[in-house]
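The values are calculated or read from the model by the stated rules, or taken from the named source; none is laboratory data. Because the structure is predicted, anything quoted here is derived from the model rather than measured. When we count neighbours, we look across all protein chains shown, and the Cβ atoms used for this are built from the backbone with ideal geometry, even at glycine. Side chains included, ligands, DNA and RNA excluded: accessible areas come from the protein's heavy atoms. Shrake-Rupley method; radii C 1.70, N 1.55, O 1.52, S 1.80 Å.
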Amino acid sequence: MNLNTVFRCPIILVLSLLLVSWGDTWDQIRKTARDITSVEAEFVQKKHMAILAKPLVSKGKLYFHVPRSLRWEYSTPVNSILLMHEGTVTRYIKKGDSVTKDSSARLQSMQIVLQEITMWMKGNFDANPGFRPELMPGRIIMLTPREKSMSEIIQRIELRLSSRPGVIQSVRIYESEKSYTVIEFANVKMNGNIPDSLFRAM
């Protein structure tokens, strides 16, 4: 399952905590994230649907480098790579030793999704005018579509911030209450030396 499917698919718990480490206003959150130059993390993606006995699970790694370079790499069940560098998005499918470039039209929507992620990495959770952002107890940011056309695709997005400043713990994208995707991040490394070659065309 690719990233486009996650966000376009038919695309809270701890009330006593506040946005302690990140800050409790949009300006404080952006200030906390302003020193981030790179992020490297592992992720587990789980797609929940009513028709499935158990969720579809994908695993991989992401690499981010300011200002807008992102590599979203799935290792299982399908080895695929999404690259965004200097505003251009490219997708590759790996099968054994061969690499195939995906030139389909859906890359345009992927570009929108990846741009959203790069804004989140820099603390700009309120930058997209298409969503109404709210700071919730428990270090949660809720993004609700402003337009009905978008809400028919995505009901809401919930981002849970880690207690560690600058780190997103998880993202939940709700298509409906019974159909949603959860992406959880682990082993996050901040401001490491990520080579530019990771974001270049393969």
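For this structure, a couple of remarks:
- Breaking point among (1) outside any strand (DSSP E or B); (2) closer than 15 Å to GLU116 by Cα; (3) open to solvent by 60 Å² or more (accessible area, probe 1.4 Å), for ILE154: (3)
- Each residue in region 25-57 was checked for being farther than 22 Å from MET190 by Cα and surrounded by 14 or more Cβ atoms within 10 Å (Cβ to Cβ), and 6 pass.
- Looking across region 58-84, just one residue is open to solvent by 60 Å² or more (accessible area, probe 1.4 Å), within 16 Å of the chain's Cα centre (by Cα) and not charged (D, E, K, R), and that is PRO67.
- The number of residues in region 113-141 that are farther than 23 Å from ASP35 by Cβ, part of a strand (DSSP E or B) and open to solvent by 30 Å² or more (accessible area, probe 1.4 Å) comes to 3.
- Verdict on ILE168 being over 24 Å from TRP26 (Cα atoms) and open to solvent by 10 Å² or more (accessible area, probe 1.4 Å): no
- Total residues in region 38-54 satisfying the condition of being of a type outside the set (A, V, I, L, M) and farther than 20 Å from GLN169 by Cβ: the figure is 1.
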